[in-house]
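Encoded as structure tokens, the structure appears first; notes follow it.
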Amino acid sequence: MKTSDNMPRILIVDDTPENIDVLGEILSDYKRVFALSGENALRKAESTPPPDLILLDIMMPEMDGYEVIRRLKENPSTEDIPVVFITALSEAEDEAKGIELGAVDYITKPFSPAVVKARVRSILTLKEKTEQLARLSEKLSKYLSPQVCELILSGKRDVKIE
């Protein structure tokens, strides 16, 4: 993971302060940023540095979580931030809609603190590996043609570079 100076930042978005407090305590090993509304969440997502992960409630007044994620995914500066819905909505249709809108995970309330920690850790690890791969790809592209880079990164073991 990242060093303490570069600890992952998690934006926790919920209109209920008690829910933010609970999630903030569960994720106390990370830098946490909080928002009580969708509009505030969008502003904080565009901050510098941006959050590494957003935990987002769906049912909020004025702007619900579905609208928040739509706007995040439409904005080039926030489109790659992973979003996890944490919500009381437990119907399969709600979960499917969240995933279709771009969420990487969907956790229903009440939730297990151990599960939240494990999923957050897993998502942040995957994000870190994805960023490492992008950096490696960028370095390779300086020395190799795009076609050779694509072959190497495709995972094929029988690639010959001539």
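Structure notes:
- Using Cβ point charges alone (K and R +1, D and E -1), the dipole size of region 31-162 about the Cα centre works out to roughly 760 debye.
- Placing unit charges on each Cβ (+1 for Lys and Arg, -1 for Asp and Glu) gives the chain a dipole about its Cα centre, and among Tyr106, Val22, Thr78 the Cα reaching farthest toward its positive end belongs to Thr78.
- Given Lys97/Lys127; Lys44/Lys117; Lys44/Lys129; Lys31/Lys142; Lys44/Lys109, the pairs whose alpha carbons are separated by over 30 Å: Lys31/Lys142
- Nonpolar atom fraction for the chain, defined as the carbon and sulfur part of the 1.4 Å probe accessible area, stands at 52 percent.
- Against the main long axis of the alpha-carbon atoms of the chain, helix 65-74 sits at an angle near 30°.
- Normalised per residue, the accessible area of the chain is 61 Å², obtained with a 1.4 Å probe and no contribution from ligands, DNA or RNA.
- Loop sites here are trypsin sites (Lys or Arg not before Pro) outside DSSP states H, G, I, E and B with no more than 11 other Cβ atoms within 10 Å. The longest part of the chain free of them is 1-155.
- Accessible area (Å², 1.4 Å probe, nearest 10) - Asp29: 110 Å²
The values are calculated or read from the model by the stated rules, or taken from the named source; none is laboratory data. Keep in mind it's a predicted model, so treat the numbers as computed, not measured. Cβ atoms come from the backbone with ideal geometry, glycine included; neighbour counts cover every protein chain shown. These area figures cover heavy atoms from the full protein model, side chains too; ligands, DNA and RNA do not enter into them. Shrake-Rupley method; radii C 1.70, N 1.55, O 1.52, S 1.80 Å.
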